[in-house]
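Structure first, then comments.
The values are calculated or read from the model by the stated rules, or taken from the named source; none is laboratory data. None of these values were measured; they are calculated from a predicted model. Quick reminder, even Gly has a Cβ in these numbers, built from the backbone with ideal geometry, and neighbours come from all protein chains shown.
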Amino acid sequence: MAAGQRGYEACTGCSLCLLACPVWRATRDIRLTPHGRARALQCGATADELAASIDACTLCGACEPACPQDIGLVAMITGLRAELARHAPARVASVRDRMNDRMAARFAGSAAEIRLLPDRALAADPVLLGRVARLFGGDGKVSVAADDGSDIALALEAGAEISEARLERFLVPLRGARRLIVGDGMLVRALRGWLPAVRIESLGVAATCTAAVRDRLRASDLYVIEPRAYHADQERLVKYYDALRLALGCSMNLDLQRLAIPTTAGCLPAALGRSSVDVRDQARWILEGREFARIVVEDLNDIAAYTAVTDKPVVHLAQLI
Amino acid sequence: MDIPVIEPGVIPPDHVAPDALQGIRRQQTNPKRWDGAGWTEFAEVLRSAGIEVVEQPSLRGTFATDAGGTAYGMPHGVVIARSAVQVADLLRAAQAHRVPVTARGGGLTTEGESVAFGGVLLDMTGMSRVLAIDREGLTVRTEAGIFWHSLAEVLRRQNLDYLSAPLNLTSSVGGTLGVGGIDVNSARLGCSADQAISLQVVTPTGEIVECSDTQNPELFQRVILGYGQFGVITEATLKVRPYTPLRLHYFYYTSLRTAIEDLQLLDRNDASDYSGILTMMDKVVNLLVAFDSDAREAAFMTAWRARLRGHGEAAVALRMAAYYALHPWRLGEALFLYERRRKLFPEFRRAEYTRGGVMFDRTVVFSRAVWKFWGGRQMVIPDLAASEEKFVEAVLRGNAVCRKYFRHYTLYCVGIKLREDHRAHYELSCVPPDARERAYGCEFEPMIGDQVIARDRLQSFKNEIYDIGVELGTSYYRFGGMMKGYVRRVFGDALVDKHLAHKRRADPAMILNRDVIF
């Protein structure tokens with residue numbers, strides 16, 4: 001839990017977290033929300049009793065900046081998932097295997113000032129990854145981290161234990177970087193805690209700071225913010241994106257509370273096919289009533305979600321250049 | 001505390017509030033818990049009808065208290081509302097098995113009105129989808145468990161907005177229609193309950209009925225401002241309007257009386273679209289005035305601005321500095337005000353919501369501030385709802401009670417336009433019987449923060465505020481639950497008995513929200 005955040009005991013039941021929760025929107029079932037979990041925990045519920053609720057969370061993080069009591073709601077979920085994993089290690093066996101594989105791999109270091117950590121989807125698309133790297137200066141100035149830490153991101157989301165050895169192996173090459181551009185929202189949040197001396201930015205923020213991307217964004221675009229990184233630093237980023245929106249005139253996937261509405265396409269429950277949120281329904285809700293000619297996404301996972309519900313072009317930030 | 005020596009055989013004074021509780025016995029304890037007779041059979045009937053009944057204690061505990069955090073009760077089971085038919089099945093079974101049903105929306109009651117002391121808790125937020133928007137007719141049909149904010153999210157995509165709603169994101173539409181709902185535009189547009197055009201209601205005996213001013217009007221009269229006694233509102237058709245951001249102005253006063261007089265001046269003359277008072281104790285009194293259009297703002301500036309006696313922020317800061325320089329023993333209060341201003345004011349001026357003096361999404365701004373700066377484990381908000389003539393006295397006397405009990409508190413005052421054609425709706429409600437054209441409400445909210453205060457003390461505070469209402473002949477917004485001891489004193493036996501007779505006819509087993517009013 002981050003400094004200044006409080007535990008579930010502080011929940012007053014105000015329900016503000018529900019307003020931004022995609023699981024609530026899909027189910028209208030308070031048991032599956034941060035409010036429901038916190039109140040149940042206050043009444044003595046165990047992680048096992050709340051397993052369905054814990055598994056349902058998409059970890060978009062929108063509830064956290066919405067909470068007036070500053071409860072660490074993301075840490076609450078990852079902590080509860082870790083507790084479930086301790087009780088039933090088989091839940092995270094595949095994640096452990098993935099981390100063991102990474103321990104066996106050989107990764108080269110880099111002397112570049114900027115280190116790019118793509119998320120799993122971007123890492124799997126070498127052409128697009130190359131474009132992203134060029135956006136930040138190309139060879140010599142930026143290097144794509146050979147160890148992208150996607151297994152660690154998955155472990156964070158699943159509540160699997162990350163061994164000190166694996167974490168150290170992941171972090172050592174990153175400590176020399178001055179600037180770290182991170183594609184995975186879960187990692188953005190965690191890396192800020194692990195590497196406080198390194199300037200860590202989400203891919204979306206870093207890209208929209210470049211003239212190449214800003215010049216190609218249009219007022220008729222619907223710009224889709226990746227929610228996890230945004231909500232991890234919402235107090236600061238709400239101002240950044242508001243200024244961007246004003247400068248460009250485009251619309252964004254923000255609700256009235258200025259929280260980023262997620263499609264939830266990239267979350268673990270969706271990957272496992274067990275999500276209570278219909279990704280297409282979320283995409284439709286984001287588009288409802290909005291006028292736009294093109295959708296620009298920060299997260300590659302969102303492309304499929306939007307192309308399924310609109311005929312308008314859907315592109316990733318890197319495809320703008 | 002200086003506790004005097006008590007001679008044997010002498011009944012000691014009440015140290016909490018010696019002059020409170022004028023003839024009212026303390027009512028701060030929960031209502032008697034329903035004994036559970038027949039619960040198993042009842043739950044079985046529901047399950048056989050395909051209705052999920054949550055009985056796991058920790059999950060029932062989610063609903064153990066309300067926003068007030070002073071009344072605690074556990075339902076035997078929780079049902080999440082999914083359809084009017086399901087609610088009707090539940091109510092019919094509840095009548096047959098005499099099982100109490102407590103309907104709950106946002107759970108933002110403060111006197112335990114939405115807390116179930118046994119029986120079944122019906123979580124209406126399960127029915128919270130917008131069903132249809134008529135852009136030409138400017139109406140919306142929605143399931144009634146929806147939060148006002150969720151409704152606003154949907155309406156905004158059509159560039160529409162609701163008319164008036166509580167300054168709270170998570171009040172539900174159904175709950176609000178049952179009790180009133182005030183906003184800073186209520187002086188012009190009336191309370192939220194007066195915005196309803198028609199309702200789908202499930203009666204306590206399980207009939208699904210559509211009602212409005214013309215269709216089943218008697219039921220409509222009973223359900224609107226009916227404190228949940230005469231049916232569960234499952235759907236509502238509400239008026240809506242085109243969305244407009246606000247042009248906001250704040251005027252600062254050091255006198256409550258002057259600020260209220262100016263508020264009433266503006267309301268009487270329809271000089272603004274929004275008006276309300278929010279205070280930091282009685283030291284900094286802020287009159288909020290806002291407009292939907294440049295034209296209305298310009299008209300105000302021309303005709304009314306100069307007549308207001310409020311000051312700008314800098315001027316009032318100077319006056320406060322002078323006051324505390326002469327009253328150095330109140331340094332603690334001065335520091336509190338300074339710190340409060342430092343934290344609170346930026347929240348009302350966040351750049352992402354306010355630009356060039358125009359505020360976007362006012363409910364988000366206000367509601368975030370409400371929860372962040374006034375929210376806590378306990379929230380006690382006694383209120384007085386008075387006619388225009390009695391309002392100043394009611395507020396001044398209530399303010400004196402606040403000063404007596406709490407170091408820090410806030411007052412929130414607004415006008416409420418009344419509808420003569422809805423006079424029948426107002427019987428036994430927050431609208432005072434002697435109010436004509438416009439009523440006024442004041443909420444007295446101690447700032448408790450993370451403290452936990454004994455219920456006895458809070459109850460004494462509330463009683464002392466409510467006693468003012470009895471003396472002045474006002475009404476209250478929150479007269480249910482733990483404050484229901486005041487219902488007969490304020491409204492009189494004849495009126496209460498009349499409504500009780502209606503209730504007995506409508507709800508023979510007296511199962512629906514049974515401990516709230518009667």
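A few points about this structure:
- Residues of region A:284-302 satisfying the condition of being farther than 21 Å from A:R214 by Cβ and more than 14 Å from every other protein chain (Cβ to nearest Cβ): A:N301
- Residue match in region B:266-276 (condition: farther than 30 Å from B:R82 by Cβ, in contact with a Ser or Thr (Cβ under 8 Å, 6 or more places away or on another chain) and of a type in the set (K, R)): no
- Flag if B:R60 is closer than 25 Å to A:L16 by Cβ, part of a helix (DSSP H, G or I), in contact (Cβ under 8 Å) with a residue 40 or more places away in the chain and within 14 Å of chain A (Cβ to nearest Cβ): yes
- Per-region count, region B:354-379, residues within 28 Å of A:Y241 (Cα to Cα) and either facing chain A (nearest Cβ under 9 Å) or not in a loop (DSSP other than H, G, I, E, B) (or both): 18
- Filtering region B:143-159 to residues that are among the aliphatic types (A, V, I, L, M) and either at the interface with chain A (Cβ under 8 Å from one of its Cβ atoms) or part of a helix (DSSP H, G or I) (or both) leaves B:L151, B:A152, B:V154, B:L155.
- Scanning region B:128-142 for residues that are more than 8 Å from chain A (Cβ to nearest Cβ) and in contact with a strand residue (DSSP E or B) (Cβ under 6 Å, 6 or more places away or on another chain) yields B:V130, B:L131, B:A132, B:I133, B:L138, B:T139, B:V140, B:R141, B:T142.
- Answer from A:D281, A:D221 - the residue that is over 24 Å from A:E157 (Cβ atoms) and at pLDDT 95 or above: A:D221
- Annotation note: of B:L308, B:L318, B:L288, the sole residue that is touching a helix residue (DSSP H, G or I) at 6+ places or on another chain (Cβ under 9 Å), assigned by TED's automatic domain parsing to the domain that holds B:H408 and of a type in the set (A, V, I, L, M, F, W, C) is B:L308.
- Any hit, region B:362-373, residues being surrounded by fewer than 19 Cβ atoms within 10 Å (Cβ to Cβ), among the aromatic types (F, W, Y) and within 18 Å of A:T12 (Cα to Cα): yes
- Members of region A:13-29 found to be in contact (Cβ under 8 Å) with a residue 60 or more places away in the chain and more than 8 Å from every other protein chain (Cβ to nearest Cβ), listed by number: A:A20, A:P22, A:V23, A:R25, A:A26, A:T27
- Any hit, region B:453-462, residues being within 14 Å of another protein chain (Cβ to nearest Cβ), surrounded by fewer than 19 Cβ atoms within 10 Å (Cβ to Cβ) and in contact with a Phe, Trp or Tyr (Cβ under 9 Å, 6 or more places away or on another chain): no
- With respect to (1) among the hydrophobic types (A, V, I, L, M, F, W, C); (2) farther than 22 Å from B:S150 by Cα; (3) facing chain A (nearest Cβ under 10 Å); (4) in a helix (DSSP H, G or I), the lone exception for B:A351 is condition (4).
- Enumeration of residues in region B:117-127 that are within 14 Å of chain A (Cβ to nearest Cβ) and crowded, with 24+ Cβ neighbours inside 10 Å: B:L121, B:L122, B:D123, B:M124, B:T125, B:M127
- Answer from A:E288, A:E226 - the residue that is in contact (Cβ under 8 Å) with a residue 12 or more places away in the chain, outside the structural domain of A:G137 (by TED's automatic domain parsing), out of contact with any Phe, Trp or Tyr (no Cβ under 7 Å at 6 or more places or on another chain) and not hydrophobic (A, V, I, L, M, F, W, C): A:E226
- One residue stands out in region A:152-188 among those that are in a loop (DSSP other than H, G, I, E, B), of a type outside the set (G, A, S) and touching a residue at least 60 places away in the same chain (Cβ under 8 Å): the one that is surrounded by the most Cβ atoms within 10 Å (Cβ to Cβ), namely A:D184.
- Residue among A:L32, A:L59, A:L80, A:L84 that alone is in contact (Cβ under 8 Å) with a residue 24 or more places away in the chain, within 11 Å of chain B (Cβ to nearest Cβ) and either on the phi > 0 side of the Ramachandran plot or touching a helix residue (DSSP H, G or I) at 6+ places or on another chain (Cβ under 7 Å) (or both): A:L32
- Sole exception among (1) acidic (D, E); (2) in contact with a helix residue (DSSP H, G or I) (Cβ under 9 Å, 6 or more places away or on another chain); (3) under 30 Å from B:N269 (Cβ atoms) for B:E420, by number: (2)
- Residue check for B:D194: of a type in the set (D, E, K, R), outside the structural domain of B:A299 (by TED's automatic domain parsing), buried (at least 24 other Cβ atoms within 10 Å of the Cβ) and outside any loop (DSSP other than H, G, I, E, B): yes
- 2 or more residues modelled with pLDDT of 95 or more, within 18 Å of the chain's Cα centre (by Cα) and closer than 24 Å to B:V401 by Cα: qualifying helices (runs of 4 or more DSSP H) within region B:417-518: B:455-472
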